[in-house]
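Enquirer: Submitted below is the structure of interest, expressed as structure tokens.
The values are calculated or read from the model by the stated rules, or taken from the named source; none is laboratory data. Source: prediction; values computed, not measured. In this analysis, Cβ positions are derived from the backbone assuming ideal geometry, glycine residues included, and neighbour counts consider all displayed protein chains.
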Amino acid sequence: MAGKATSASGEFLAGCRGEAPLLLGVIPFGMIYGIAALAAGVPAWVAQLASAMVFAGAAQLVIVQMLAAGAGALPIALTSGLLNLRHVLYSASMAEYVRHLPRRWRLLLAYLLTDEAYAVAVLRYQRHAADTAQRDDGADLRHWYFFGAGFTLWAGWQLSTAAGLLFGATIPAEWELDFAVPLTFIALLTLLLRERAGRAAALVAGLGALAFAGLPYKLGLVAAILLGLLAGVWTVRRLERVKQESAA
Amino acid sequence: MSTPILLALLVVVGILTFLYRYAMIGFFAKHALPGWLHALCRHIAPASFAALTASALFVHGGDVQFAFDTPRPWAALAAVIVAWRTRNVLATIAAGMATLYLLKFLLP
């Protein structure tokens, strides 16, 4: 019995260690989120609760940015709801590895399925054969690794949010630390522009945001993003057609 | 936005996000993801970040203003250049904030 417990906790701790280097990138985000939430007028306890309920960094920054710009609840829900849709991809990618687990495990792992936990856990599943994580009775324990990685990121996100809220309450507005949010979007956007279709989606969405700026409640942002998606899909189709024609 | 409405909004986004995360390992664990959804997902992040960046820089209270006599557009430009050259998120944020402070100091 002692051996079994050791291997489950061993997998959990290995997951914590695997996730740890990613915290370096996550902690500044959590702090920027906390600072920007206060600057947007969000009460500290609501901002902290959001980190537990939504638990998605990019979407939380989007919510705060839109609140600061005076957006309505519906456009904020639509924009962050669209942005988080990518988690369906992670869910689909994880399905083959966690499908066999009891529902309580799948509910827990679904809650912890963020970009960063996915990146670490999927490597563990893909690279290491199941037998390296097996107990004497042959059970697969890699979900404990996933749990360790997800829990580490969760704790890092909650603590860095709290640090941002504490720090943010003491710094004057003249420091303009809320500007770190659009700067974060610029950094993430640049990483995503390697493909031609992504560039088309970004260009159309960016111009659309200016063209529809006058729409009430920031609904123009939703329209701009939807047009950007259409532009991306259309560009992919066109590139595929060109490829087919040149092949034929 | 009042705090009760904000809380309701966060609950809705939180539930929605959880449903996304649970969808393919819970409800549809034995199904494959539809191709159109997969194709759409890759464009969501670039489109969202571009729209939000453009709006944050150039939309002020429903009006488009290219305020090139203020520090923020130029600080954003410095961030774009650093992002392009380094592909490093923290370096990008640092460059943008440093340029903002420098211009605020230099401009009257």
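Enquirer: Can you name the residue in the stretch A:95-115 that is surrounded by fewer than 20 Cβ atoms within 10 Å (Cβ to Cβ) and charged (D, E, K, R) and, of all such residues, is nearest to B:T17 (Cα to Cα)? Step through it out loud before you land on a result.
Expert: Filtering the stretch A:95-115 down to residues surrounded by fewer than 20 Cβ atoms within 10 Å (Cβ to Cβ) leaves A:96, A:99-105, A:107-108, A:111, A:115.
Now narrow it down to the ones that are charged (D, E, K, R): A:96, A:99, A:103-104, A:115.
Details: A:E96: 20, A:R99: 19, A:R103: 18, A:R104: 18, A:D115: 12 Å.
The selected residue is A:D115.
Enquirer: Could we say that B:L37 is farther than 23 Å from A:T190 by Cβ and assigned to a loop (DSSP other than H, G, I, E, B) here?
Expert: So B:L37 does not fit the description; no.
Enquirer: Only one of B:T86, B:T53 is out of contact with any Pro (no Cβ under 8 Å at 6 or more places or on another chain) and either modelled with pLDDT of 90 or more or more than 8 Å from every other protein chain (Cβ to nearest Cβ) (or both); which?
Expert: Details: B:T53 fails: out of contact with any Pro (no Cβ under 8 Å at 6 or more places or on another chain).
Matching residue, one of B:T86, B:T53: B:T86.
Enquirer: Next question. Report every pair of residues separated by at least 6 positions or lying on different chains whose Cβ atoms are under 7 Å apart, first residue within the stretch B:31-57 and in contact (Cβ under 8 Å) with a residue 24 or more places away in the chain, second in a loop (DSSP other than H, G, I, E, B).
Expert: Final answer for the pair search is none.
Enquirer: Is the stretch B:78-91 home to any residue that is free of Cβ contacts under 8 Å to residues at least 40 places away in the same chain, over 19 Å from the mean Cα position of the chain (by Cα) and more than 30 Å from A:L113 (Cα to Cα)?
Expert: Yes: one or more hits.
Enquirer: If B:M97 satisfies all but one of (1) at the interface with another protein chain (Cβ under 8 Å from one of its Cβ atoms); (2) of a type in the set (A, V, I, L, M, F, W, C); (3) closer than 19 Å to A:G57 by Cα, what's the number of the condition it fails?
Expert: With respect to (1) at the interface with another protein chain (Cβ under 8 Å from one of its Cβ atoms); (2) of a type in the set (A, V, I, L, M, F, W, C); (3) closer than 19 Å to A:G57 by Cα, B:M97 is out only on (3).
Enquirer: OK, next. Going by the structure shown, is A:Q60 surrounded by 19 or more Cβ atoms within 10 Å (Cβ to Cβ), at the interface with chain B (Cβ under 8 Å from one of its Cβ atoms) and of a type in the set (S, T, N, Q)?
Expert: Values: surrounded by 19 or more Cβ atoms within 10 Å (Cβ to Cβ): yes; at the interface with chain B (Cβ under 8 Å from one of its Cβ atoms): no; of a type in the set (S, T, N, Q): yes.
Judged against the criteria, A:Q60 is not a match.
Enquirer: Checking A:L210 against (1) surrounded by 20 or more Cβ atoms within 10 Å (Cβ to Cβ); (2) at the interface with chain B (Cβ under 7 Å from one of its Cβ atoms); (3) not charged (D, E, K, R): exactly one of these is not met. Which one?
Expert: It is condition (1) that A:L210 fails.
Enquirer: With the condition being among the acidic types (D, E) and closer than 30 Å to B:R85 by Cα, I'd like the helices (runs of 4 or more DSSP H) fully within the stretch A:138-248 carrying at least 1 qualifying residues. Spell out the reasoning first.
Expert: Working: elements: A:142-168, A:180-192, A:196-211, A:219-247.
Correct list: A:219-247.
Enquirer: While we're on this one: When you go through (1) of a type outside the set (G, A, S); (2) free of Cβ contacts under 8 Å to residues at least 40 places away in the same chain; (3) not assigned by TED's automatic domain parsing to the domain that holds A:I35 one by one for A:T170, which number turns out not to apply?
Expert: For A:T170, the failing item is (3).
Enquirer: Of all residues in the stretch B:1-34, how many are within 7 Å of another protein chain (Cβ to nearest Cβ) and either closer than 28 Å to A:G232 by Cα or assigned to a helix (DSSP H, G or I) (or both)?
Expert: Going through the stretch B:1-34, the residues within 7 Å of another protein chain (Cβ to nearest Cβ) turn out to be B:1, B:3, B:5-7, B:9-14, B:16-18, B:20-26, B:29, B:33.
Those left that are additionally either closer than 28 Å to A:G232 by Cα or assigned to a helix (DSSP H, G or I) (or both): B:3, B:5-7, B:9-14, B:16-18, B:20-25, B:33.
The total comes to 20.
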